[in-house]
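First the structure, in the form of structure tokens, and then the observations on it.
Taken together, the values in this text are just the output of simple stated rules run on the coordinates, not laboratory data. Because the structure is predicted, anything quoted here is derived from the model rather than measured. Here the Cβ positions follow ideal geometry from the backbone for every residue, glycine too, while neighbour counts run over all protein chains shown.
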Amino acid sequence: MNYKEKTMIFGGQARLPKELSAAEVFQVMAAVEVDTGKVVETDFTPCPPLIMGMLKQMMVGMSLQNDVNDLLVEIEQRLFHKCKKAVITAIKDLFREYREYQYRASKNAHLSSES
């Protein structure tokens, strides 16, 4: 996939239940067009293909600027697996990373305009 210049990768992670996997941490990564917040690609590890496919379908095309709560509600309503809590926590963590980037970028732009 070819990414636009202002596409960046954000990630989040959360602990998985001990009985679920040899891996301790669930990770979600998203390629995001930072100007719009649009998610253009996602990846999840470790994640069964069926769950990964559904999460990709839910996330690709959404905007981190205004669709995150809808996404979390949709996951809550549609995913019934022991990893659900970790998935939701990791997506919230990814969203925090995106918001932190937006905050730093706007702060830097403000400082640059004052110079």
Restricting attention to region 10-28, report how many residues are part of a strand (DSSP E or B), hydrophobic (A, V, I, L, M, F, W, C) and surrounded by fewer than 17 Cβ atoms within 10 Å (Cβ to Cβ).
-> 1
Output yes when any residue across region 1-9 is free of Cβ contacts under 8 Å to residues at least 12 places away in the same chain, polar (S, T, N, Q) and surrounded by fewer than 18 Cβ atoms within 10 Å (Cβ to Cβ), and no when none is.
-> yes
Only one of 65, 77, 102 is among the polar types (S, T, N, Q), surrounded by 11 or more Cβ atoms within 10 Å (Cβ to Cβ) and more than 14 Å from the chain's Cα centre (by Cα); which?
-> 102
Answer yes or no as to whether residue 53 is without any contact (Cβ under 8 Å) to a residue 12 or more places away in the chain and farther than 22 Å from residue 19 by Cβ.
-> yes
Within region 1-46, residues of a type in the set (Asp, Glu) and closer than 11 Å to residue 59 by Cα come out as 41, 43
